[in-house]
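Each reported figure results from applying straightforward, stated rules to the coordinates on display, with no laboratory input. As the structure is a computational prediction, the values presented were derived from the model and not from experiment. Here the Cβ positions follow ideal geometry from the backbone for every residue, glycine too, while neighbour counts run over all protein chains shown.
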Amino acid sequence: MSEPVWGILIATYLFLGGMAGGAYIIGAWSDLFGKGKYEVLARSGAYTSLISILAGLVFLILDLKRLTVAPFSVLNAYIHFPVSIMSVGTWIISAFTVVALLTTLLWLLNGNRILIKFLEILGMVLGFSTTAYTGILLSYARGRPFWGSPLLPWLFTVSGILTGLGLTVIGISIIAKIMPRLDRNFFEFFEQRSKVSQMFKSIEEYSIVPTFLEILVVILFIGTVWGTNGSFALVFGDLSAFFWIYLVIGLLVHLVLSLYNYIKSVEENTIIFGSLVGFALVLIGGFILRYVILIAGQL
Amino acid sequence: MMAKAVLVDLRRCIGCRSCQVACKRWNDRGATATKHNPDPKLEWTNPSDFSPQTYTYVRFVKVGKGESLKWVFAKVQCNHCIEPGCATACPTTALIKTKEGPVIYRKELCIGCGYCINACPFGVPRFDEENKAIEKCTFCPERLSEGLEPACVQACPTDALTLMSLEEARRKAAEAEAKGLYTYGLHEAGGTSWIYISETPFTELGFPKVGPEAPAAFNLRMLENISIIGAVGLIAMGGLWLYSKRRSKLEESKRGES
């Protein structure tokens, strides 16, 4: 077995890339099917996905081990299309970044709504491809049997959508509170507390399904690769502490908070605070998931 | 030139390590400090693994116990797959399979992503942090083109290593298999240009179990399975959504009645 070659930089890239795809899908979906109720969410989805994918690309490029000797060699990654899945991914991510950038610009400049909707349809396909690609890349790596499960891309996709949802929600609050001049819509929206808490509450309700789904998929995934070194390290061994933190803090706490909000009628500010904390934990969990899977596969 | 291959007959290997030394000499690989192999079955294997300075090494494997204990010596190196997983994975075509047999590395194209290391089913490529390059057995293409054998093959005193055409090597391995011997590289990963014959099963020699699919077929099957899971998941979720919608409608109409 070869020594590990992918570490925390690639884990961060997988996390940010998957989350970017998820955030875009959430934003586009709420604009296309939200009947105008979720414009702030749609805007936040575009902005945060752009920031997330750009940050992800920085980590990806920093990990390239020939960057210091041949900085422009990075462009060679486009060459082996469509044979190399990594080359396919390079094209997908590039296209996705361009679409996320255009969508963001059009929202900021209050551009043509039809054009935005057209970009959103295209961007949803590319965002989904970006998220799924991060998993397919690993599942094709034949030297690492722990990654060789067709469930891995779906685990990363579900996690991408859940973390993407978290990022858009957190993004709304950050833009409204810290960068109000970026987009006045956020500031005005955040002033209406009842509207905010109502939206957060329904987002939490919607997030119950993907949270359940992620728990289910992660268990099934481990089942399909049970017996590999990585599976033991994850469940009992060196990485188990991280793995259980991901499962309990990253998923179960959020699930309990969401269900509590769903069943009990909670005070407005508590809803907002609760969902922000819950989603922040989801983000931490999403990062830990990428990290443990990446490391476990190379043991 | 026809596609070349090397037949490795482990029954002939005496563990002299001439191939290890010849490889280092020809490819100008330096000596490195090695560690005692912690696996008691492999403790005489030195070096214990590939490295940027070690393209090939002989595994000294103790097979059996007590009276029936015997040594099996197994030289390992890049197997030069007919359809290489590393070259399929490589986004830049820095790694390619040549018609003559060798899988060669072109440093000037490489970006150092490391995907070949994860993609190789045999765990062969290594990254040299010092020279910022992938290092692995080259199959001595510069010797093959001059009509010479690879350095290790020429050094082998027992003809455990023999250079021949790929066709001949595959035929000989198939014949050996028909006689009840074990082979490695005839079927693994769609077939390789270095093919082994042994009296001992390769699982006992610590060779990784690799399926018969070539990388393109492996990737396609993976993608099919990913798609099937997606389709089943979507149908299941759609079904649940319709069911919950119907139930809430029924509940509403019940409430309306009462």
Distance check, please: which entries in B:41/B:132; B:4/B:107; B:70/B:209; B:35/B:62; B:97/B:179; B:24/B:99 exceed 27 angstrom between their Cα atoms? B:41/B:132; B:97/B:179
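Report, in deg cm²/dmol and to the nearest 500, the calculated mean residue ellipticity at 222 nm for the protein assembly as shown, where each DSSP H run with n ≥ 4 adds -39500 (n - 2.57) and the sum is divided by the residue count. Don't jump to the answer; show the numbers that get you there.
Values: 18 runs with 307 residues, N = 557.
Calculated at 222 nm, the ellipticity per residue is -18500 deg cm²/dmol.
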Picking from B:177, B:224, B:213, which is most flexible by a Gaussian network model of chain B using Cα springs under 10 Å? B:224
Among A:69, A:277, A:256, which one shows the highest mean-square fluctuation when chain A is modelled as a Gaussian network with alpha-carbon springs under 10 Å? A:69
Count the lysine pairs in chain A whose Cα atoms lie under 19 Å apart, taking only pairs 8 or more positions apart in sequence or on different chains. 9
Give the list, by residue number, of cysteines in the protein assembly as shown with no other Cys Cβ closer than 4.7 Å, or say none. B:13, B:16, B:23, B:81, B:90, B:110, B:113, B:120, B:140, B:156
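Given Cα pairs under 8 Å that are at least 6 residues apart, what percent is the relative contact order of region A:34-156?
Details: 87 pairs, mean separation 23.6, N = 123.
In percent, rounded to a whole number, it is 19.
Rule-of-thumb check for region B:8-158: C-alpha Rg over 2.2 N^0.38 Å?
Details: Rg = 16.2 Å, N = 151, 2.2 N^0.38 = 14.8 Å.
Against the compact-globule rule of thumb, the ratio is 1.10.
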Using modelled amide H (1.01 Å from N, peptide plane; none on Pro or chain starts), what sits under 5 Å from the amide H of residue B:134, excluding residues fewer than 5 places away? B:128
Quick check: the angle from helix A:85-108's long axis to the longest principal axis of chain A, C-alpha only, nearest 10 degrees? 10
Pick out, from B:140, B:66, B:102, the residue whose Cα sits farthest towards the positive end of the charge dipole of chain B, with +1 on the Cβ of Lys and Arg and -1 on the Cβ of Asp and Glu. B:66
Length-normalised contact order for chain A - Cα pairs under 8 Å, 6+ apart - percent: 25
Dipole magnitude of chain B about its Cα centre (Cβ charges: Lys, Arg +1; Asp, Glu -1), debye to nearest 20: 560
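Arrange the following residues from fewest to most other Cβ atoms within 10 Å of their Cβ: B:203, B:45, A:131. Kindly include the intermediate steps, with their values, before the conclusion.
Working: B:203 11, B:45 22, A:131 29.
Going from sparsest to densest Cβ surroundings: B:203, B:45, A:131.
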Just name one of A:29, A:55, A:6: the one whose Cα is farthest towards the positive end of the charge dipole of region A:1-122 (beta-carbon charges, Lys/Arg +1, Asp/Glu -1). A:29
How big is region A:229-299 along each principal axis, measuring the range of its Cα positions in Å and listing the largest first? 47, 17, 13
Under a GNM of chain B (C-alpha, springs under 10 Å), which listed residue has the highest mean-square fluctuation: B:32, B:200, B:54? B:32
Enter the Cα centre distance for the pair region B:1-76 and region A:170-188, rounded to the nearest angstrom. 63
Cα long-axis angle, helix B:18-27 against chain B (0 to 90 degrees, to the nearest 10): 80
Once both axes come from the Cα atoms, what is the angle between helix B:166-178 and the longest principal axis of chain B, in degrees from 0 to 90, rounded to 10? 80
So what's the gap between the Cα centers of region A:1-33 and region A:224-298, to the nearest angstrom? 16
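How long are the three semi-axes of the equivalent ellipsoid for the protein assembly as shown, computed from the Cα gyration tensor as the root of 5 times each eigenvalue, in whole Å, largest first?
Details: eigenvalues 554, 123, 81 Å².
Whole-Å semi-axes of the equivalent ellipsoid: 53, 25, 20.
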To the nearest Å, what is the center-to-center distance of region A:34-67 and region A:150-169, using C-alpha atoms only? 13
